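Since the structure comes first, as structure tokens, the remarks are kept for the end.
The values are calculated or read from the model by the stated rules, or taken from the named source; none is laboratory data. This is a predicted model, so every value here is computed, not measured. Methodologically, a virtual Cβ is constructed for each residue, glycine included, from the backbone with ideal geometry; neighbour enumeration extends over all protein chains shown.
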Amino acid sequence: MGLVQYFRKKHLSFVTLVSWFLLFYIIAALVFWFISLETQNQQMYVYRVSELKRDEPTYYNKVMEAEKARRLKSIQYIGEGSIFLLLILVGAGFVYRATKRQIMVSHQQQNFMMAVTHELKTPIAVTRLNLETMLKRKLEDAQREKLLRNTLQEANRLNELCNNILVSAQLEAGAYRLERQELDISALAQAVADDCITRYPQRTIVTTIPSEIYVDGEQLLLQLLVSNLLENALKYSAKDKPVLLGLAIEGKQVKLTVADEGAGIPDTEKKKIFTKFYRIGSESTRSTKGTGLGLYLCKKIATDHKGSIAVKDNTPQGSIFTVTLQSA
Ligand code: ADP
């Protein structure tokens, strides 16, 4: 993997180098042409003046005319040259940004493929091992329950991963028909929290959910949104830290917040985390597993519901994700 990353980095440096070289070449050519045309212009002026007869009464006027023509040509060269230079700079900027983005997306896609392969294989391997152990050995009830719980957790992870991938693909292709209906978001949020409480019995999940808050929305998508945020809060904070899920209504707006006391998200990353496949850090330094799809999907679901999602710092540490939706 080190080698792959090395070449990826080199690829970007190579593209950067070539773009800079081309840009400098074009600008140098432009400057060269400007100097040549100006020299020619000057020579034309000297030639014209030398052709005039000094003793003619209109001599002075003609010199002035030649001077004016020379100045006009200079202005024309400077004007055209500047516009050309500006267009080149703007164009180069666009091309460079587009290429850089393209390379980044392809890195992230490759990271995603590696992450997905891992995410698919781990739950399958763990499930298989647990089931084999239960088949081969006579286990105590407590041990058996522990293994079953563990297997269920892995199956749930697999299920969530599949949901995230499928729904992202469907939403993007426009194949997902949003079937909105008046939905009790209080019950939905509580159900997702209860599910997490059973799946992570060792964690503290605190809910502040007033009953009977309604939004217009699609059940499956909103469930996915809340569970992605809760799962992240659990995943990116220490085991002994609590996670808060809150719901509140402010005027016509429903605000759903998920707060954790983890490491938090640096300001420079706050916007990027909502892009597809984006994960903070590099594949080799990351300790947590994931695909970078969760928050992308959360944002897509929120905006498809005419809502929004934002993240801010929690005190003393951690992050608070807030989803704003319209109340029904
Ligand atoms: P994944 O969790 O699969 O990597 P997400 O799209 O859910 O993908 O999140 C993108 C990135 O944002 C994560 O890789 C992580 O670095 C960061 N992140 C998300 N939620 C939190 C959180 N609650 N605390 C700290 N970092 C977070």
Worksheet item: Somewhere in segment 108-123, is a residue of a type in the set (A, V, I, L, M) and within 30 Å of L22 (Cα to Cα)?
Response: no
Discussion item. Going through E80, E67 one at a time, which residue ends up being among the acidic types (D, E), within 42 Å of the chain's Cα centre (by Cα), part of a helix (DSSP H, G or I) and surrounded by 12 or more Cβ atoms within 10 Å (Cβ to Cβ)?
Written reply: E80
Practice prompt. Could you tell me which of the residues L135, L129, L152, L139 is surrounded by fewer than 15 Cβ atoms within 10 Å (Cβ to Cβ), outside the structural domain of A259 (by TED's automatic domain parsing), not in a helix (DSSP H, G or I) and not basic (K, R)?
Written response: L139
Fill in: Those residues of segment 176-213 which are among the aliphatic types (A, V, I, L, M) and assigned to a strand (DSSP E or B), in sequence order
L183, I205, V206
Worksheet item: Quick one: would you say V226 is within 16 Å of the ligand (Cβ to nearest atom) and assigned by TED's automatic domain parsing to the domain that holds G292?
Response: yes
Practice prompt. Identify, from the list D260, D267, the residue that is over 18 Å from R101 (Cα atoms), acidic (D, E) and near the ligand (Cβ under 9 Å from one of its atoms).
Written response: D260
Response to the item:
Within segment 301-322, restricting to residues that are within 11 Å of the ligand (Cβ to nearest atom) and outside any loop (DSSP other than H, G, I, E, B), the one that is surrounded by the fewest Cβ atoms within 10 Å (Cβ to Cβ) is D313
Discussion item. Condition first: closer than 21 Å to G290 by Cα, surrounded by 14 or more Cβ atoms within 10 Å (Cβ to Cβ) and out of contact with any Leu (no Cβ under 7 Å at 6 or more places or on another chain). Now tell me which residues in segment 243-268 satisfy that.
Written reply: D260, E261, G262, G264, I265
Discussion item. For segment 270-287, give me each residue that is in a loop (DSSP other than H, G, I, E, B), among the β-branched types (V, I, T) and either within 9 Å of the ligand (Cβ to nearest atom) or modelled with pLDDT of 95 or more (or both).
Written reply: T275, I280
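Quick grid of which residues meet (1) closer than 30 Å to G281 by Cα; (2) surrounded by 14 or more Cβ atoms within 10 Å (Cβ to Cβ):
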| residue | (1), (2) |
| --- | --- |
| V46 | no, no |
| R54 | no, no |
| Y59 | no, no |
| I75 | no, no |
| L86 | no, no |
| A92 | yes, yes |
| T99 | yes, yes |
| Q102 | yes, no |
| Q108 | yes, yes |
